[in-house]
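The structure under discussion appears below in the form of structure tokens.
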Amino acid sequence: MSDTSPHAFVSSDEIRTRFSSAMSEMYRKEVPQYGTLIELVADINAQTLQAQPALMEQMQRSGELPRLGVERHGAIRVGTAAELSMLRRLFAIMGMEPVGYYDLSVAGVPVHSTAFRPVGDAALLANPFRVFTSLLRLDLIADEALRAEAAAILARRSIFTERVLALIAQAEAAGGLTDAQADEFVREALETFRWHSESTVDGATYEALHKAHRLVADVVCFKGPHINHLTPRTLDIDAAQAAMPARGMDAKDVVEGPPRRDCPILLRQTSFKALKEAVHFAGGASHAGSHTARFGEIEQRGVALTRKGRALYDQLLAQVRDMGNAGSAAPDYGQRLAQAFQSFPDTHEQLRSQALAFYRYALTDEGRAQSGGAADGTDLQEWLERGWVRAEPIIYEDFLPVSAAGIFQSNLGGEEQKQYAAHAAQQAFEADLGARVHDEIALYEAAQQRSIDQVRAALLGPALRGPVMAAL
Ligand code: OOG
Ligand code: NI
């Protein structure tokens, strides 16, 4: 029951849902093709659920079906530690925490990143809204004078409204926001992510920064970190990819990530080319130009992999990429990918019993009828075989660095293959963020274990809630 008192706090799940829907509305106005993309994905999802009743049932059982229609991820890029750490506080109000560390310098993109997202089971079911957030690594700009100029430009801007800063401080002090404050917070927070066609610099400065790297210009020359894509989740990415041209979308040639499989794993993504947008530079009306910042993307999500499963995934993907020097641009890439992944088991039974993927365990109706009546000494495997317990795949909620690099590259244009002698700098990133990032695999492990503990307590009764049973 919801408390209707005007002074009661609104849940962080509710604020996140209001925010993601406001963001979606804003982006639909900014990028009309986004609306077309959302319609396409809704159509494909309805068709897929109709054609695959087992998938429909599984998503209903796990409570995942209602979130599908609102599920989105966005991406932004910021320039300073102060911007990044304030974003952490802003996202925290919406129940979003930094998860994972992604080093994209290895792929020639001078940023490192995390994803802000909810981490609890209930919060993920309510709305898994995520924002992939990259911090520019100015240290990777070789030209010292240009680096100093970029830093000075960034130091002059404030990407947050005064009011949102006040509301963040207030929410932190009071422990939440009331209904009216939450609405104001959403409105004010949205301003940070809006597109501004006026650049803060003149055309010559833009060109110089653009020459260092297109991404440097994108981060440094604007008032704020415009949301650069907002991605819906499809249940069949191949069908969506095939349908894109008919709706006027110029899709990327390959789908990033694993190949099509019976049991989807991790994340598959595709994008369509960025918009070329008019920009007005500082220093007079004659200084008009253009910039490509925003693009469209769709994704399909599958089961989260264990460390062992992820190692196998990375190994197979590297094997395919090493076979040809053109990477995913090679014409036979799809075939090679499918071939290599034949050695990745493709039934949930195998993925589970070989500890390659994570599952959430739940009682079946039959299991519920046994409640408290199972004998001590019996175990999960036995309960699964008796049909008392069922294992549902835990969805992968995160990103893949190789795929992200592919998305960055296709959006930036093929010529941007810079080489950086950089190394992952997670500690420096966390110092800038003002917090540690969660280890995503530890989060999945904990979710699986919680479900095992619950099943065990229900079947053995409270008296036997003993030491944690090992996962299979
Ligand atoms: C972020 C690219 C990464 C994804 O889905 O992997 C990303 C960016 O271009 O800023 O969104
Ligand atoms: Ni993305």
Starting with the highest mean, order 115-127, 368-380, 59-71 by the number of other Cβ atoms within 10 Å, averaged over the residues of each peptide.
115-127, 59-71, 368-380
Contact order relative to length for the chain, counting C-alpha pairs under 8 Å separated by 6 or more residues, stands in percent at 19 percent
What are the extents of the Cα atoms of the chain along their three principal axes, listed from largest to smallest and rounded to whole Å?
79, 61, 43
Dipole in debye (nearest 20) - the chain, about Cα centre, beta carbon charges: Lys, Arg +1; Asp, Glu -1:
220 debye
Just to be sure I follow the rule: in the chain, considering lysines 8 or more places apart or on different chains, how many pairs have Cα atoms under 21 Å apart?
12
Positive end of the dipole of the chain, charges at C-beta (+1 Lys, Arg; -1 Asp, Glu), about the Cα centre: which of Gly309, Ile76, Ile394 has its Cα farthest in that direction?
Ile76
Whole-Å semi-axes of the stretch 1-133's equivalent ellipsoid (Cα gyration tensor):
27, 22, 16
Between 0 and 90 degrees, rounded to the nearest ten: what's the tilt of helix 440-460 against the longest Cα principal axis of the chain?
20 degrees
Note down the net charge around Ile44, summing +1 for each Lys or Arg and -1 for each Asp or Glu among other residues with Cβ under 15 Å from its Cβ.
-2
Summing Lys, Arg as +1 and Asp, Glu as -1, what charge do residues with Cβ under 13 Å from the Cβ of Thr234 carry, Thr234 excluded?
-2
Just the number, please: carbon plus sulfur as a percent of the accessible area of the stretch 114-244, 1.4 Å probe, no ligands or DNA/RNA counted.
53 percent
Over its Cα atoms, what ratio of radius of gyration to 2.2 N^0.38 Å does the stretch 160-261 give?
1.56
Per residue, accessible area of the chain with a 1.4 Å probe, heavy atoms of protein chains only, in Å², comes to 42 Å²
Set of the stretch 5-30 residues, backbone N closer than 14 Å to the point 7 Å along the Cα-Cβ line of Gln170:
7-10
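The values are calculated or read from the model by the stated rules, or taken from the named source; none is laboratory data. Computed from a predicted model, the values in this text were never measured in an experiment. Positions of Cβ are generated from backbone atoms using ideal geometry, with glycine treated the same way; all protein chains shown enter the neighbour counts. With ligands, DNA and RNA removed, areas are computed over all heavy atoms of the protein, side chains included. Shrake-Rupley method; radii C 1.70, N 1.55, O 1.52, S 1.80 Å.
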